[in-house]
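The values are calculated or read from the model by the stated rules, or taken from the named source; none is laboratory data. What you are looking at is a predicted structure, and each value in this text was computed from that prediction instead of being measured. Every residue, glycine as well, gets a Cβ built from its backbone with ideal geometry; the counts of neighbours run over all protein chains shown. In case anyone asks, the SASA skips ligands and DNA or RNA and just uses the protein heavy atoms, side chains included. Shrake-Rupley method; radii C 1.70, N 1.55, O 1.52, S 1.80 Å.
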Amino acid sequence: MKLLVLDGNSLLNRAFFGIKLLSTKSGDFTNGIYGFLTMFRKIYDETEPDAVAIAFDMRAPTFRHKQYAGYKSNRKGMPEELAQQLPVLQQLLKDLGYRIVTCEGWEADDILGTLSAAAEREGSACVIATGDRDSLQLVSSATTVRLMSTKFGQPQVTVYDEAKIMEEYGVTPHQMIDLKALQGDSSDCIPGVAGIGPKGAGELVQKYGSLENIYNNLDDPEIKPAARRKLEASKDNAFMSYELGTIRRDAPIETDLSQYVPTSGDPQSAGSTMVRLELFSLIEKFGLTAAPAQETTVAAGRPEVIELPDGAPLLARLEDAGAACFYCHWDKSGELLSLIFAHKDILWRVTPDSAFLLAFFTNPLIKKHTHDIKPLHRLALSMGCKLESVSLDTALAAYLLNPSATGYDVLRLAAEYSVPLPDFEQEEYNCAAVMPGLCQALQKAIDGNNQRELLENIEIPLSFVLAQMEHIGFYVDSESIKEYGEKLQKEVESLHDSIIEQVGYDFNINSPKQLGEALFEKLGLPHGKKTKSGWSTNADVLESLRPMNPVVDEILRYRTVAKLKSTYCDGLLKVIGPDGRIHSSFNQTETRTGRISSTEPNMQNIPVRTPIGRELRKFFAAEHGVLVDADYSQIELRVLAHVANDPAMREDFLQGHDIHASTAARVFNMPQELITSQLRSRAKAVNFGIVYGIGAYSLSQDIGVSVKEADAYIKEYLRNYSGVDAYMKEVADSARETGYVEDMFGRRRYLPELKSSNFNMRSFGERVARNMPIQGAAADIIKIAMIRVSRRLEAEGLKARMILQVHDELIVECPQQEQEQVKALLTEEMEQAVNLSVPMVAEANAGKTWYDAKG
DNA sequence: GTATTCACG
DNA sequence: ACGTACGTGAATACG
């Protein structure tokens, strides 16, 4: 018989601080349960035990980390969250069929000791898995300790048997107690002998064998006088430490090992818990199925699958039904392999041919319910037709329900919303089979959140507009980009040579580490501020170093030019399509605020702030006619004025004042005429900060005044804009109460951070609570505008097409003769998209290139 | 894979 | 006592 005993508390601690979730989406916490189960699985597979016991302390776990990193510096959570995870983990382990052992008044270590002793008595082997070294004293010929650690977020194991302990400590396992009694252990509050550390303790124990024997031989001349004095002074402490450090082996717990043989547990409950925790990768490893209990029993086996080489006969049935619920099976290259309709408990697998697709797409009598509609819109566009009557997209619905999820795969959603899963071999059949249930569950949830308007009038129509923008693309002058890139390359090389010459040796300027060495060691410049794996070399730091050495200027210039060359010139050239245009992807379910994001390439971060960067925009052009670029003016501040119903701010916007100058006049208590450009720009920074949830320190950094002064600005701001002050307090309070924030359209974001005990994380939650309703509403407003613009361009029979959105900016490409009409149309639709208590203002400009069209 | 830096709103 | 504004994506270095 082989017994595996886990030290639950210490492993959970290790797991929480060490094992990282696979997801990289910012804001994810390290999940202790995930880490624990990962470690557990690894140990289990390596040891193949017959019996398993998992020991926990009765009291809440304690933590040895003195400091917990905040939200920004890394994304780990903090112990309070871990304490909340503990009961969940224990129940999960029980459901998995393992026995949890706790004992009032006894520590987990004592349980390890008692069970290993029981195993030894029975002549069984025992493996102890733990994260700390206290249990090494339990090692024997029958008992080994597997010490868990983490490296790069992955679990690592070191196996300790008698030989390994001798090799590492030079003592027997039992002598580990004597060792600890001498050297102490601050984390366990074991004093030891003051002044004796690991080295001294090791020598003494090796020579005399035990603590007792050391004190019996205190007169031995080989003991140095200093050591003797220390030993004498701490004699009581030493023997007390011995008692404290000895793990007890007589805890009143079940010692019949057969009682620890795993049972079948409650796999359905375990499965549904793991789904709830989003531990999808582990479900398989533990041999569970994703679907929760009752559904698996309800699921009446697999639906029938009917292959339809020609889908035409199905169309009439779908038209009769008035709706189609289906799943699109795409291959990796983006080819549509099949459409699988879930209709009347049958899966109809249709091989798509263009006649069928055309008839299906354009039939307005068939309402489409599917998952991820945008690629299908694009397919329709590429066929020259339009996909009509989309009424539900499960990915978009799930995004509205929780924009913070890491992904929106059909099967994951099915598990989350408790839709029964048939176990087809082919994944696409499973996906199609869950669609009707998933649609129903999501519709219900959307209605429950009052998000139907948002889904049906914003997100679903928008997906078509985004597909259109992707399909049309943005023309670029690739030859000119190439030339510009070569010019930049020359400058990069000459800057490189000059920098290397001034520093005095060759190094990689792109490496922050090597650059730090060059600046702070070789050149002896003051290593500014921030660290973490070295000194920071970011632009802020370099800026402050600029007056001290001319090479810093060239490094800054090098960074700028190298960035333009690699990210923009090289990066853009790589993604130009055969039609000479760039077809970016717009992701509609990525951001937590409701904005869209752009990838491959990111068209929303093309340089504009510096003259040299802005040059690039000369290569983004209208292929034939012109570009019309329309911008919202101060959209976020206008939204704030409206939602906070702030009289002063509303007045400023209603009167058409320059908002930053007006803010300056209020905050600095001066007449408008006396506001200098410096004061205006400070007020602008304050306005910015308010939208982000401001802190005096950051504001002071931003505008270069003292923290005290910045704090005074904020106070004065809130005094003048009392509506904003009240709103900011109210929104955070309501978020704490409900656990989420909402914008004026019902777009929602959950904020678990607000419950955190970590100041930084909680503060982050509060700032997000203040910012999201503003950023989210602004995102919704421009989404509404996009839909209206797109519809009007079509209704008015214009050739003009929207090709890009950059958060508060829309770009349309059109023939020269449509220019004025399009400018008016854009301005009008953007301004009329919503009716707030302050006017919305948009301005449009036209030009041959993006550079020219941007005012 | 993670960290750093920097581009945008 | 602590770190320091919201939301993104891409390139690069490095273990």
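The residue pairs whose first member lies in the stretch A:807-823 and is part of a helix (DSSP H, G or I), whose second member is basic (Lys, Arg) and at pLDDT 95 or above, and whose beta carbons are closer than 7 Å, counting only pairs six or more residues apart or on different chains, are A:818/A:799.
With respect to (1) buried (at least 18 other Cβ atoms within 10 Å of the Cβ); (2) away from DNA strand B (no atom under 11 Å from the Cβ), the lone exception for residue A:577 is condition (1).
Under the condition of being more than 22 Å from residue A:587 (Cα to Cα) and part of a helix (DSSP H, G or I), the residues counted in the stretch A:417-434 number 7. Every condition in (1) outside any helix (DSSP H, G or I); (2) touching a residue at least 40 places away in the same chain (Cβ under 8 Å) holds for residue A:384 except the one numbered (2). If I ask for residues that are at negative phi and either in a loop (DSSP other than H, G, I, E, B) or open to solvent by 50 Å² or more (accessible area, probe 1.4 Å) (or both), which ones from the stretch A:437-459 would you list? Answer for the stretch A:437-459, where residues must be at negative phi and either in a loop (DSSP other than H, G, I, E, B) or open to solvent by 50 Å² or more (accessible area, probe 1.4 Å) (or both): A:440, A:444, A:447, A:448, A:449, A:451, A:452, A:453, A:456, A:457. Residue A:582 falls short on exactly one of the conditions (1) touching a residue at least 24 places away in the same chain (Cβ under 8 Å); (2) farther than 30 Å from residue A:769 by Cβ; (3) within 14 Å of DNA strand C (Cβ to nearest atom); (4) out of contact with any Pro (no Cβ under 7 Å at 6 or more places or on another chain), and that condition is (4). Exactly one residue out of A:650, A:680 is without any contact (Cβ under 8 Å) to a residue 24 or more places away in the chain, touching a His at 6+ places or on another chain (Cβ under 8 Å) and assigned to a helix (DSSP H, G or I), and it is A:680. Scanning the stretch A:324-365 for residues that are open to solvent by 10 Å² or more (accessible area, probe 1.4 Å) and of a type in the set (Phe, Trp, Tyr) gives A:327, A:330, A:348. Only strands (runs of 3 or more DSSP E) whose full extent lies in the stretch A:102-218 are considered here, and the ones with at least 1 residues that are open to solvent by 70 Å² or more (accessible area, probe 1.4 Å) and farther than 16 Å from residue A:244 by Cα are A:143-151, A:154-160.
Are any residues in the stretch A:478-534 among the β-branched types (Val, Ile, Thr) and at positive phi, and if so, which ones? None - no residue of the stretch A:478-534 is among the β-branched types (Val, Ile, Thr) and at positive phi, so the list stays empty.
To keep it simple, each residue is scored yes or no on (1) in a loop (DSSP other than H, G, I, E, B); (2) near DNA strand B (Cβ under 9 Å from one of its atoms).
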residue: A:481; (1), (2): no, no
residue: A:492; (1), (2): no, no
residue: A:506; (1), (2): yes, no
residue: A:515; (1), (2): no, yes
residue: A:520; (1), (2): no, no
residue: A:527; (1), (2): yes, no
residue: A:540; (1), (2): no, yes
residue: A:559; (1), (2): no, yes
residue: A:564; (1), (2): no, yes
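Per the conditions (1) more than 17 Å from residue A:843 (Cβ to Cβ); (2) open to solvent by 10 Å² or more (accessible area, probe 1.4 Å), the sole criterion not satisfied by residue A:773 is (2). In a residue-by-residue description of the stretch A:644-658, the property of being in contact with a helix residue (DSSP H, G or I) (Cβ under 6 Å, 6 or more places away or on another chain) and within 16 Å of DNA strand C (Cβ to nearest atom) applies to no position. When restricted to residues that are in contact with a Phe, Trp or Tyr (Cβ under 6 Å, 6 or more places away or on another chain) and either in a helix (DSSP H, G or I) or modelled with pLDDT under 95 (or both), the stretch A:773-806 contains 1. Among the residues making up the stretch A:513-539, those that are within 12 Å of DNA strand C (Cβ to nearest atom) and open to solvent by less than 50 Å² (accessible area, probe 1.4 Å) are A:515, A:516, A:518, A:534, A:536, A:537. Would you confirm, using the coordinates I've provided, whether residue A:89 is modelled with pLDDT under 90 and closer than 19 Å to residue A:255 by Cβ? Spelling it out, it is not the case that residue A:89 is modelled with pLDDT under 90 and closer than 19 Å to residue A:255 by Cβ. Name the single residue, out of those in the stretch A:601-618 being within 16 Å of DNA strand C (Cβ to nearest atom) and assigned to a helix (DSSP H, G or I), that is nearest to residue A:848 (Cα to Cα). That would be A:616.
The listed residues are A:614, A:609, A:557, A:592, and the only one of them that is at pLDDT below 90 and of a type in the set (Lys, Arg) turns out to be A:609.
Being over 13 Å from residue A:830 (Cα atoms) and away from DNA strand C (no atom under 14 Å from the Cβ) holds for only one residue in A:777, A:800, and it is A:800. On the basis of being in contact (Cβ under 8 Å) with a residue 24 or more places away in the chain, open to solvent by 10 Å² or more (accessible area, probe 1.4 Å) and not in a loop (DSSP other than H, G, I, E, B), does residue A:762 make the cut? Spelling it out, it is not the case that residue A:762 is in contact (Cβ under 8 Å) with a residue 24 or more places away in the chain, open to solvent by 10 Å² or more (accessible area, probe 1.4 Å) and not in a loop (DSSP other than H, G, I, E, B).
Looking across A:399, A:408, one residue alone is under 27 Å from the mean Cα position of the chain (by Cα), in contact (Cβ under 8 Å) with a residue 40 or more places away in the chain and assigned to a helix (DSSP H, G or I). It is A:399.
When A:542, A:462 are checked against the criterion of being more than 16 Å from DNA strand C (Cβ to nearest atom), open to solvent by less than 30 Å² (accessible area, probe 1.4 Å) and free of Cβ contacts under 8 Å to residues at least 40 places away in the same chain, A:542 stands alone in meeting it.
Can you work out which of the residues in the stretch A:685-730 that are among the polar types (S, T, N, Q) and open to solvent by 40 Å² or more (accessible area, probe 1.4 Å) is nearest to residue A:643 (Cα to Cα)? Out of the qualifying residues, it is A:722.
With the structure loaded, tell me whether residue A:374 is within 17 Å of residue A:470 (Cβ to Cβ) and among the charged types (D, E, K, R) or whether it fails that test. Here the answer is yes, as residue A:374 does meet what is asked.
If you take the residues of the stretch A:653-677 that are among the polar types (S, T, N, Q), under 25 Å from residue A:701 (Cα atoms) and free of Cβ contacts under 8 Å to residues at least 24 places away in the same chain, which of them is least open to solvent (accessible area, probe 1.4 Å)? Ranking the qualifying residues of the stretch A:653-677, first place goes to A:662.
Selection over the stretch A:616-642 of residues that are open to solvent by 40 Å² or more (accessible area, probe 1.4 Å) and away from DNA strand B (no atom under 11 Å from the Cβ) gives a count of 4. Pairs linking a residue in the stretch A:43-55 that is assigned to a loop (DSSP other than H, G, I, E, B) to a residue that is crowded, with 21+ Cβ neighbours inside 10 Å, with Cβ atoms under 6 Å and 6 or more positions apart or on different chains, are A:49/A:4. None of A:398, A:359, A:380, A:405 is among the small types (Gly, Ala, Ser) and at pLDDT below 95 except A:405. Taking the stretch A:804-833 as the range and being open to solvent by less than 20 Å² (accessible area, probe 1.4 Å), more than 16 Å from DNA strand B (Cβ to nearest atom) and under 36 Å from the mean Cα position of the chain (by Cα) as the test, the residues that pass are A:812, A:829.
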